[in-house]
Structures are given as structure tokens and as C-alpha cells.
Amino acid sequence: MVVTPAEPGDELLAAQAAAGDDHAFEQLVSRYEARIYRLACRLTSETEAPDVLQETFLQVYRNLRTFRGDSRFGTWLYRIATNAAMMNRRARARRPSEPLDQFLPRFDARGVHTGTPEELQLPSRADELLDRQALAERAREVLARLPDMYRDPFVLRDLEDLSTAEVAGMLGLDPAAVRQRVHRARLMLRGYLSDLVGVRP
Amino acid sequence: MKDIVCVTGVELLNDYLEGVLTADVRAALDAHVAGCQRCAAFIDSYRATPRLLKEATDAALPDDIQRSLRAFLRAQRH
């Protein structure tokens, strides 16, 4: 049995890095760089993600002394990365916002789903029915089309697994507003998947 | 409360999953879904959506981007 020595916690490394320990800073970078890159891809694009990644760790490096350890280091870092992604988007030309309303679920006059159970269930099999690469491309496209007010809470809550309370704190929203926006994002994305597998939502 | 139909059930779905509904609304929703194949199928695909998008956007950090990040950060420190 291999016994690995316990890894130092993020908060300890952050304190050491703030005191000028470059090795501690490098450990934090190597611990989080892949996650922050993935987050940056989800909030911006593969083209912009490298810049967001650099900007995030530059801000971390410059502001380590202001990290008090009263929140988790990961939460603090995600907040910086999310802000860096938003700033990056703001600096780009505005893309036309598409509410993707055509993908919302449909109901008849009595409020009953118009699709059959088989049709309604089909989007959950999108990964079996579509080529993996094609699905990845479509996923990137649809995230980019989603208005930021839905994209940010959806990415943080559902793709990065933050809690509703954490997302609310990060985006300056009420938890109820986070729940509502995440819900609407899921409805639109579900309908989009439905369309991809050949069923009108 | 009023009987739940599919459209109201869908509106309440995330609040249901997040556990913020009152017990009576929750029970009414459970009762509707238990007898509605459409809602059961819808909920299945609704819950699958985040998982599918998460897997489909699971980008790995390319080596060249990792190298340039580290070189950039070293340059900032010197």
C-alpha cells in the first residue's frame, strides 16, 4: 500500500504564497489551472479562455494578501475567474442575444405536454444518439447563444456544481432568481437537445 | 391548492428539486407526476440536460496553453 503524505490545504498554500513562497503559488496554479480553463471555456470560448486563465491567476497573484481565509480559496478563485470572464466578454463586440425561446416546452390549451412520453424522454439520450464530437460542438454553440443572464448561473450551478447560495453570492442575485434562471436555462437547453435528436420541443 | 397540470408542474420543477416547495405543493406535484407519463419522461430529460452539457463541455487544458500560462506567471514574478 502506498501512503501519500497529506497535501497541504488550499488556504495554507494561499497564506504561504501571500508571504512570498513561489512554490506554494505554483502548487495552487497546478491544482486549479485545468478547472479554471474549463470554466473559462464555458463562460467565454476556447478562443478567449487562455486570456481569461492568465488574467485570473494574475489577479490571484496580485490579490493573495487580500484573501482572508473567511471563504474557501476555491470560492474566492471562482469569483475572480467569473469576473475575469465577464470583463473579457464585455470587451468583445456584443453578440446578438438569442433567448432560445423556441426551445421552451410546449403545452396544449389544458396545460398538458404536447409531446408523447417517448418524444419527451428522447433528449436524455442525446449522448447515445449523436456523435460525441458533434455533441461537444453543439454544446459550445448553444452555450454561446444563451443570454449571459442565463448562461452564468447555469454554468456555475450545473456545470461547475456550485451551490445555489454560492452562485447567488457570486453573481449578486437572490437565490430565488438563481433558481429561476437556472431553470429557464435548463428548459431551453433541454429543448435544444430535443431538436438535435430530431424532436420538435 | 389548485390541481397541478403539466405546465404548472414544469414551472415548479427546479424549486421541487432544490427542496424549497412547501409540503402541500410538493405532495400535489408528486401526485401529478405519479399519474403522468409525460411529466415523468419530461423530468427524466430535464435532469439529464445538465449532465449532458457538462460532459460535452469538459474541455481539457491543452499543454501549450498550460506552458504559456506558467511562463506568463513566472515573468510576472521576476
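Every Cα-Cα pair of segment A:8-163 was included, and the share exceeding 26 Å stands at 42 percent. Here the label points at residue A:176 and residue A:21, each 7 Å from Cα along the C-beta direction, are separated by 4.6 nm in the simple model. For the protein assembly as shown, evaluate the Debye formula with one uniform point scatterer on each Cα (no solvent term) and list log10 I(q)/I(0) at q = 0.07, 0.12 Å⁻¹, rounded to two decimals. Taken in order of the listed q values, log10 I(q)/I(0) reads -0.31, -0.82.
Separation of segment A:124-184 and segment A:35-112, taken as the distance between their Cα centroids, equals 10 angstrom. Highest GNM mean-square fluctuation among B:61, B:12, B:29, for chain B modelled with Cα contacts below 10 Å: B:61.
Across all Cα atoms of chain B, the radius of gyration (one decimal) and Dmax (whole number) stand at 22.3, 68 Å. Derived from the Cα gyration tensor, the three semi-axes of the equivalent ellipsoid of segment A:1-69 are 24, 17, 9 Å, largest first. For segment A:61-131, count all C-alpha to C-alpha pairs, find those more than 15 Å apart, and express that count as a whole percent of the total. Across segment A:61-131, Cα pairs with separations above 15 Å total 76 percent. Cβ distances below 4.7 Å define possible disulfide partners, and in the protein assembly as shown the cysteines left without one are A:41, B:6. Gyration tensor analysis over the Cα atoms of segment A:101-196 returns equivalent ellipsoid semi-axes of 25, 19, 11 Å (largest first, whole Å).
Charge dipole (Cα centre; +1 on Lys/Arg Cβ, -1 on Asp/Glu Cβ; no other charges) of chain B amounts to roughly 540 debye.
Note down the magnitude of the dipole of the protein assembly as shown about its Cα centre, charges +1 on Lys and Arg C-beta and -1 on Asp and Glu C-beta and zero elsewhere, to the nearest 20 debye.
So the magnitude is around 640 debye.
Every number in this text was worked out from the coordinates using simple rules, so none of it is lab data. All of these numbers come straight from a predicted model, not from anything done at the bench. Every residue, glycine among them, receives a Cβ derived from its backbone with ideal geometry; neighbour counts consider all protein chains shown.
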